[in-house]
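K.L.:
Before I ask anything, let me first share the structure, which is written out below as structure tokens.
Taken together, the values in this text are just the output of simple stated rules run on the coordinates, not laboratory data. Model, not experiment: these values are computed from the prediction. Glycine also receives a Cβ, built like all others from the backbone with ideal geometry; neighbour counts cover every protein chain displayed.
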Amino acid sequence: MHTAPAPAGAFVSGGVMVTSNPIVWPGVAMVALSFAVASVMYRRRIGQMVRERIPPQSVALSAQLATRLTDTRASDNYRNLFELPVLFYFGIALAFAAGVDDAWVVGLAWGFVALRIAHSAIQCGYNRVMHRFRVFLLGTGVLLMFWIRLGWLLAQA
């Protein structure tokens, strides 16, 4: 059996690939955030459906969901976690595959994660739009700087 070589920044130990590249961990943190928000979303959604005896089939479509459920903060945030963060995930994968181990890239990645956590906390919590928007803009700016730095490093290679 042929085994593919481990990507840059990784090594194989006992048949399991282990990474020593810190760029992976912000990506793992974003995945954890997505699961945490999904948990909040399902807890709230199922709770309301049980309390109000809403038949599942009556909310089969997103338009039906919006008219029947009163608290969509967590589901709105969950959907948001698959919009702008897609660019983040691609950047993490690209940086890992290219073996980028740059303190600025890693720091900016963690900055983006911190701002997404803040965005999720605001949206799933008190949901003040202007607070959320400011955090969103900061996160977008950090992600842009992440990509500029990553692009510059990749162009130098």
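K.L.:
Below 8 Å between Cα atoms, with a sequence gap of 6+, how large is the relative contact order for segment 37-145 in percent?
P.N.:
26
K.L.:
I want to verify a result. In a Gaussian network model of the chain, Cα cutoff 10 Å, which of these has the top mean-square fluctuation: 130, 41, 145?
P.N.:
So, out of 130, 41, 145, the one fluctuating most is 130.
K.L.:
How large is ³J(HN,Hα), in whole Hz, for each residue of segment 113-125 in order, when computed from phi with the Karplus curve 6.51 cos²θ - 1.76 cosθ + 1.60 and θ = phi - 60°, using x for Gly and Pro?
P.N.:
Taking θ as phi minus 60°, the curve returns 4, 4, 6, 5, 5, 4, 4, 5, 4, 5, 5, 7, x Hz for segment 113-125.
K.L.:
Stick to the Cα atoms of segment 42-157, pair each with every other, and give me the Kirkwood hydrodynamic radius in Å at one decimal.
P.N.:
Roughly 16.2 Å, rounded to one decimal.
K.L.:
Here's another thing I want to ask about it. Take the alpha carbon atoms of segment 102-124, find their center, do the same for segment 33-95, and report the distance between the two centers in whole angstrom.
P.N.:
20
K.L.:
At most 12 other Cβ atoms within 10 Å plus a DSSP loop assignment makes a site exposed; report the longest stretch of the chain without any exposed trypsin sites (Lys or Arg not before Pro).
P.N.:
54-127
K.L.:
So how much slack lies between residue 31 and residue 137, counting 0.36 nm per residue of separation and subtracting their Cα-Cα distance, in nm?
P.N.:
Once the chain is fully extended between residue 31 and residue 137, it gains 36.1 nm.
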